[in-house]
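For reference, the structure discussed in these notes is given below.
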Amino acid sequence: MKPPAVSLLRLSLKCALLLICSGVLFYESAHAEPLAAPAPARAAELRHLLRQDCGACHGMTLQGGLGSPLTAQALAGKPADSLVATLLDGRPGTPMPPWRPFISEDEARWLIRQLQQGEAP
Amino acid sequence: MKTITSLAAAVAAAVLLAGCATPALRGSGDLGVVIERASGSVQVVDNSQRRSLAHISGLGDLSHASLVYSRDARYVYVFGRDGGLSKIDILSGKLVARVMQAGNSIGGAISTDGRIVAAQNYTPGGVKLFDADSLALLADIPALDEHGQPSKVVGLADLPGNRFAFSLFEAGEIWLLDAANPRAPLVTKYKNVGRQPYDGLASSDGRYYIAGLYGEDGLALLDNWHPQAGVRRILPGYGQGQDKQPVYKMPHLRGWSLAGDYAFLPAVGHNSVLVADSRSWQQVAQVPVYGQPVFVMAEPSGRRVWVNFAFPHNDTVQVIDVPSMQVIKTLQPGRAILHMEFTARGDAVWLSSRDDDKLVVIDTQSFATVGELPATSPSGIFFSWRAARMGM
């Protein structure tokens with residue numbers, strides 16, 4: 001009765017793998033779920049802030065200046081969480097200031113998502 | 001009677017025709033150019049009549065654009081963020097030459113003899129020299145430190161004798177460029193001048209070059225009468241150990257910081273204007289102001305100093321009285337005041353209100369608003385007196 005035991009083991013392994021995979025999938029989909037966009041008026045304010053005030057250092061077209069570029073290409077592969085943290089709390093040792101006084105965490109997450117998807121508002 | 005009428009009509013027609021063929025002669029001494037940062041355009045304005053004369057578009061990305069004047073004050077060279085260098089005839093209102101000279105640019109300068117236009121670039125970091133007539137490239141000076149690492153170039157300013165000075169943000173260096181032979185310029189490097197120089201200025205006599213430091217309190221000073229003495233630190237430790245506040249817009253430095261016996265300089269990370277004696281370079285005052293200064297500009301008379309502020313205080317402008325070193329006026333001329341420019345003798349100051357899409361003209365004696373002009377997302381205002389002034 002060895003073969004069935006092996007296949008049972010295989011089966012349970014498969015199940016475990018499936019569970020893990022679906023867990024990961026679930027986890028990822030929870031995070032990839034589109035964040036609720038801010039209300040239109042606030043979105044317009046954020047767009048203005050991004051283009052004009054972030055743009056003071058990063059360029060109005062986000063191609064960079066004294067600050068690094070914020071194009072999707074430039075932000076590709078960078079963990080969203082650390083970008084959100086940089087946006088909210090600044091980056092010590094560089095001129096990047098903390099924007100937490102002016103934008104909420106959800107708004108920061110939304111902005112970073114938009115930037116990384118190349119759909120800067 | 002009929003003959004007289006038709007004669008008059010003929011004369012009028014001839015005058016009209018002549019008017020069409022050749023625009024009325026005029027000087028350019030009271031003209032200026034305003035950057036419209038969002039639309040890639042500029043306006044030519046007349047600061048005597050307070051009106052717009054021409055609108056030139058198609059200049060690329062002008063967010064953070066600046067310009068310099070040809071020495072005849074007829075042409076301006078506009079340095080766009082996207083690396084575009086545009087030469088505009090402000091009398092005809094026409095773009096006459098344009099080159100893409102870098103990936104990411106920040107400003108420029110023009111040589112003592114007016115023949116060389118120098119552009120300072122972030123990407124690739126360095127300075128390029130161009131023929132002022134044709135915009136043909138003369139020289140390319142990459143800003144590489146001793147390890148070959150590139151730096152962004154900031155604070156490019158002209159000095160007497162076809163020389164230029166500029167600073168390297170990452171490397172913390174000041175370089176002097178002697179462009180006596182513009183195709184083979186000579187570089188003198190001053191290392192370890194301080195952390196993260198963010199901008200620089202040359203005094204209007206060309207003697208001093210000062211780089212402001214972001215990475216530490218103080219500024220770096222080079223005396224061009226004694227360049228061998230090297231760069232020294234001025235106003236060290238002006239923060240006096242107080243926590244630095246976040247800076248939401250880098251301050252800007254230019255020659256209008258120096259007037260009379262004083263230098264008026266923005267404190268970085270503090271809501272104050274630093275005042276130094278421009279002979280001893282010792283600090284003589286620290287004037288508390290409403291926000292973090294961006295432009296600290298002395299009136300041409302040197303009697304008062306106007307200050308605008310970084311986000312989120314950029315709806316306000318303050319005026320410092322120099323003898324008393326006190327703020328004597330606080331104005332709210334519009335939303336997002338990005339820049340100020342005095343007329344040549346300082347009777348009026350023009351301000352750009354980015355978020356109200358207008359230029360505001362204020363009488364410097366009465367502080368009354370004497371005019372407003374529409375402009376699309378205006379930033380820098382540059383009057384033609386700059387043509388004749390070093391460090392501008």
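Inside the stretch B:84-102, residues that are in a loop (DSSP other than H, G, I, E, B) and among the polar types (S, T, N, Q) make up a count of 2.
Scanning the stretch B:103-110 turns up at least one residue that is within 14 Å of another protein chain (Cβ to nearest Cβ) and not in a strand (DSSP E or B).
Every residue, every condition in (1) modelled with pLDDT under 95; (2) closer than 18 Å to residue B:253 by Cα; (3) in contact with a strand residue (DSSP E or B) (Cβ under 8 Å, 6 or more places away or on another chain), yes or no:
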residue	(1), (2), (3)
B:298	no, yes, yes
B:313	no, no, no
B:317	no, yes, yes
B:324	no, no, no
B:348	no, no, yes
B:371	no, no, yes
B:381	no, yes, yes
B:384	no, no, yes
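For the stretch A:97-106, taking the residues that are in contact (Cβ under 8 Å) with a residue 12 or more places away in the chain and facing chain B (nearest Cβ under 9 Å), the one that is nearest to residue A:57 (Cα to Cα) is identified as A:99. What about residue B:328, is it in a strand (DSSP E or B), of a type outside the set (Ser, Thr, Tyr) and more than 21 Å from residue B:32 (Cα to Cα)? When the stated conditions are applied, residue B:328 passes them. Answer yes or no: is there a residue in the stretch B:294-313 that is touching a residue at least 60 places away in the same chain (Cβ under 8 Å), away from chain A (no Cβ under 14 Å) and of a type outside the set (Asp, Glu). Yes, the conditions are met somewhere in the stretch B:294-313.
Among the residues of the stretch B:120-140 satisfying the criterion of being of a type outside the set (Asp, Glu) and part of a loop (DSSP other than H, G, I, E, B), which is nearest to the other protein chains (Cβ to nearest Cβ)? Going through the qualifying residues, I end up with B:124. Here is the figure for the stretch B:52-65: residues that are surrounded by 19 or more Cβ atoms within 10 Å (Cβ to Cβ), modelled with pLDDT of 95 or more and either part of a loop (DSSP other than H, G, I, E, B) or within 14 Å of chain A (Cβ to nearest Cβ) (or both) total 1. The residue of the stretch B:143-187 that is farthest from the other protein chains (Cβ to nearest Cβ), among those that are charged (D, E, K, R) and within 24 Å of the chain's Cα centre (by Cα), is B:178. Counted as qualifying within the stretch B:141-233 are the strands (runs of 3 or more DSSP E) with 2 or more residues that are out of contact with any helix residue (DSSP H, G or I) (no Cβ under 6 Å at 6 or more places or on another chain) and under 24 Å from residue B:104 (Cα atoms), namely B:153-159, B:163-168, B:173-178, B:186-190, B:197-202, B:208-213. Taking the listed residues B:389, B:335, B:354, the one that is over 25 Å from residue B:88 (Cα atoms) and among the basic types (Lys, Arg) is B:335, with no other qualifying. Applying the condition of being among the charged types (D, E, K, R) and surrounded by fewer than 21 Cβ atoms within 10 Å (Cβ to Cβ) to the stretch B:185-226 and asking which residue is nearest to residue B:294 (Cα to Cα) yields B:216. No other residue among B:366, B:352 is of a type in the set (S, T, N, Q) and part of a strand (DSSP E or B) apart from B:352.
Of everything in the stretch B:243-253 that's surrounded by fewer than 21 Cβ atoms within 10 Å (Cβ to Cβ) and among the charged types (D, E, K, R), which residue is farthest from the other protein chains (Cβ to nearest Cβ)? My answer is B:243. Just a yes or no: is a residue in the stretch B:336-352 surrounded by 21 or more Cβ atoms within 10 Å (Cβ to Cβ), over 17 Å from residue B:44 (Cβ atoms), within 14 Å of chain A (Cβ to nearest Cβ) and of a type in the set (Ser, Thr, Tyr)? No; the residues of the stretch B:336-352 include none that is surrounded by 21 or more Cβ atoms within 10 Å (Cβ to Cβ), over 17 Å from residue B:44 (Cβ atoms), within 14 Å of chain A (Cβ to nearest Cβ) and of a type in the set (Ser, Thr, Tyr).
State whether the residues of the stretch A:44-55 include one that is basic (Lys, Arg), within 14 Å of chain B (Cβ to nearest Cβ) and surrounded by 15 or more Cβ atoms within 10 Å (Cβ to Cβ). The answer is yes, given that some residue of the stretch A:44-55 is basic (Lys, Arg), within 14 Å of chain B (Cβ to nearest Cβ) and surrounded by 15 or more Cβ atoms within 10 Å (Cβ to Cβ).
The values are calculated or read from the model by the stated rules, or taken from the named source; none is laboratory data. As the structure is a prediction and not an experimental result, all values here were calculated from the model. Reconstructed Cβ throughout: ideal geometry from the backbone, glycine too, with neighbour counts over all protein chains shown.
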